[in-house]
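The values are calculated or read from the model by the stated rules, or taken from the named source; none is laboratory data. Worth saying up front: this structure is predicted, and the values here are computed from it rather than measured. We place every Cβ from the backbone using ideal geometry, glycine too, and count neighbours over all the protein chains shown. Calculation scope for accessible area: heavy atoms of the full protein, side chains included, ligands and nucleic acids excluded. Shrake-Rupley method; radii C 1.70, N 1.55, O 1.52, S 1.80 Å.
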Amino acid sequence: MPAVSAITASRSESPERTDWTPFSWRSRPGVQMPVYPDATALAAAQDELRTLPPLVTSREILSLQQQLAEAQEGKRFLLQGGDCAETFAECSSDTITNRLKVLLQMSLVLVHGLKLPVVRVGRFAGQYAKPRSADLETRDGVSLPSYRGDIVNSPDFTATAREPDPRRMIKAHARSAMTMNFVRSLIDGGFADLHHPEFWELGWVEQSPHAADYQRMVANIGDAVRFTETLAGRKMQSLSRVDFYTSHEALLLPYEEAQTRRVPRADGWFNLSTHFPWIGMRTAAPEGAHLEYFRGIRNPVAVKVGPSVTPDALLRLVDALNPEDVPGRLGLIHRMGAGHIAETLPALLDAVKREGRRVLWICDPMHGNTESTSNGYKTRRFANIRSEIEQAFDLHAAAGTRLGGVHLEMTGENVTECLGGARELTEIDLQRDYRSTVDPRLNYEQALEIAMLIVKKRGAMAA
Ligand code: PEP
Ligand code: CO
């Protein structure tokens, strides 16, 4: 997948931790993980996972870290996006291709508009575990364990379906590998070739309110590519491929632990199930199991930062996860909500800046803006998502820090889950094609619109 660039050892290495093992998280309080009824079956599934091939390599992981370090310095912009949760059933050719198409189209808009290379990170090939607000779900007086994502149990409301099954980890690994394999083949086969952006067209693109803008941009890029190649007298191979990386919330630690390995020519332990794991907001307690696990792996990592995090707590997190201040090691994904960001973010930006810590600031404009409609849908308003991103740019500019990327929940399908956008989806529209079993995602048009408004906002700020 990614073309591996040379990494200078001194910049990317952190010393091996002698007080850490892939299992040391087990002695810390762990939340949001299932209690498996059969410990022997769990251990057997973990043993099997340990023998299966890894999904990514340490070289790819370090090459991503290098790109994230460049994003920290303002030389790149991070686009991280995908489903709230993948499901085993949706591991299909169309879903994967459409998701990739949207991410490629968005990154094209960003590269063209920001005049910066984009770091492309999919929220897929492993995004199967979900935190839940309650351990139990009650329907008509019957209480069962909550659905925690396909890697843990099944959403059907029966006792058997909801029982955590460790064999699901093997299936999640296999589905992740299939997803990754297909993405790698598409990219290696020229799917991301800038000479052929028409490969990324989705069926309904012509009816999109953004179609004309997008087509104009593609035509401009095509002209520029032809012009440059004519001048150079040769085809530019570097335009034929892109780097693509994966990420997921590393929530289910028995799974992550079993994918954590040493590799022949690098120090330390790598989580080889994904390039860029993150810690969710509900599992980021400083003394918790997830912090303990994350501090010892060599991957670049990120943490979700919600409105209740204080500057002191944030600095403790930064110290725990990146004590040596390694460039590209740590992303902080703020997700405050459009109504809270102005009051909560500035103190955090100031604290990190005051301490001179190196982090990549990323805005998740989705998770602080979730609400329920009167007709019972969990949704998000496009206007709030847009407002949180725009405020984030302004607040970073005011603090003298840099917003280096965005983290989005989106899909290549034409779903109706978020309200608003150019087509002005209403509560009635939500009934038409609401598919998410968890959080509402931007559909194709809304996602492309977000990329365009990021470009517009940055352009307005530079002017
Ligand atoms: C998520 O990213 O799907 C999620 C649960 O986010 P958060 O941890 O920010 O609530
Ligand atoms: Co979500």
Taking Ala397 and the conditions (1) more than 15 Å from ligand 1 (Cβ to nearest atom); (2) in a loop (DSSP other than H, G, I, E, B); (3) touching a residue at least 60 places away in the same chain (Cβ under 8 Å), which numbered condition does it fall short on, given that it satisfies the others?
(2)
Whether any residue in the range 138-149 is in a loop (DSSP other than H, G, I, E, B), in contact with a Lys or Arg (Cβ under 9 Å, 6 or more places away or on another chain), open to solvent by 50 Å² or more (accessible area, probe 1.4 Å) and without any contact (Cβ under 8 Å) to a residue 24 or more places away in the chain is what I want to check.
no
May I ask you to say which residue of Arg99, Arg59 is open to solvent by less than 50 Å² (accessible area, probe 1.4 Å) and more than 24 Å from Gly288 (Cβ to Cβ)?
Arg99
Mind listing just one residue for me: the one in the range 290-320 that is over 21 Å from the mean Cα position of the chain (by Cα) and small (Gly, Ala, Ser) and, of those, nearest to ligand 1 (Cβ to nearest atom)?
Ser308
Which one of these does Asp429 not meet: (1) out of contact with any Phe, Trp or Tyr (no Cβ under 7 Å at 6 or more places or on another chain); (2) open to solvent by less than 20 Å² (accessible area, probe 1.4 Å)?
(2)
Checking Arg50 against (1) part of a loop (DSSP other than H, G, I, E, B); (2) closer than 28 Å to Arg162 by Cβ, only one condition comes out false. Which one?
(1)
Among the residues listed as Met281, Met336, the single one being open to solvent by 10 Å² or more (accessible area, probe 1.4 Å), within 16 Å of ligand 2 (Cβ to nearest atom) and out of contact with any Cys (no Cβ under 7 Å at 6 or more places or on another chain):
Met281
For the range 30-48, the count of residues that are over 18 Å from Gly149 (Cβ atoms) and among the small types (Gly, Ala, Ser) equals 4
The one condition in (1) modelled with pLDDT of 95 or more; (2) more than 22 Å from Val152 (Cβ to Cβ); (3) crowded, with 16+ Cβ neighbours inside 10 Å that Arg262 fails to fulfil:
(3)
Determine the pairs where a residue that is farther than 14 Å from Gly459 by Cβ, located within the range 105-120, has a partner that is among the aromatic types (Phe, Trp, Tyr) and buried (at least 17 other Cβ atoms within 10 Å of the Cβ) with Cβ atoms under 6 Å apart, the partner being 6 or more residues away or on another chain.
Gln105/Trp200; Val118/Phe77; Arg120/Phe244
Sort out which residues of the range 110-131 are more than 16 Å from ligand 2 (Cβ to nearest atom), aliphatic (A, V, I, L, M) and either open to solvent by 10 Å² or more (accessible area, probe 1.4 Å) or assigned to a loop (DSSP other than H, G, I, E, B) (or both), and write them in order of number.
Val111, Leu114, Leu116, Ala125
Restricted to the range 57-91, and to residues that are touching a Pro at 6+ places or on another chain (Cβ under 9 Å) and β-branched (Val, Ile, Thr), which residue is farthest from ligand 2 (Cβ to nearest atom)?
Ile61
So is Leu103 more than 16 Å from ligand 2 (Cβ to nearest atom) and in a loop (DSSP other than H, G, I, E, B) or not?
no
Qualifying position, being within 16 Å of ligand 1 (Cβ to nearest atom) and modelled with pLDDT of 95 or more, among Ala125, Ala44:
Ala125
Those residues that are more than 26 Å from the chain's Cα centre (by Cα) and open to solvent by less than 80 Å² (accessible area, probe 1.4 Å), I need them from the range 21-44; list them, please.
Tyr36, Asp38, Ala39, Ala41, Leu42, Ala43, Ala44
Quick count over the range 369-394, residues being part of a loop (DSSP other than H, G, I, E, B), surrounded by fewer than 21 Cβ atoms within 10 Å (Cβ to Cβ) and in contact (Cβ under 8 Å) with a residue 24 or more places away in the chain, is 4
Taking the range 400-423 only, how many residues are in contact with a helix residue (DSSP H, G or I) (Cβ under 9 Å, 6 or more places away or on another chain), under 30 Å from Arg358 (Cα atoms) and crowded, with 19+ Cβ neighbours inside 10 Å?
6
Going by what's in this entry, would Gly328 be described as at pLDDT 95 or above, within 24 Å of Met366 (Cα to Cα), within 14 Å of ligand 1 (Cβ to nearest atom) and open to solvent by less than 30 Å² (accessible area, probe 1.4 Å)?
no
Given the options Leu395, Leu408, name the one that is modelled with pLDDT of 95 or more, within 14 Å of ligand 2 (Cβ to nearest atom) and not polar (S, T, N, Q).
Leu408
With criteria (1) surrounded by 24 or more Cβ atoms within 10 Å (Cβ to Cβ); (2) among the polar types (S, T, N, Q); (3) without any contact (Cβ under 8 Å) to a residue 12 or more places away in the chain, Asn181 comes up short on (1)
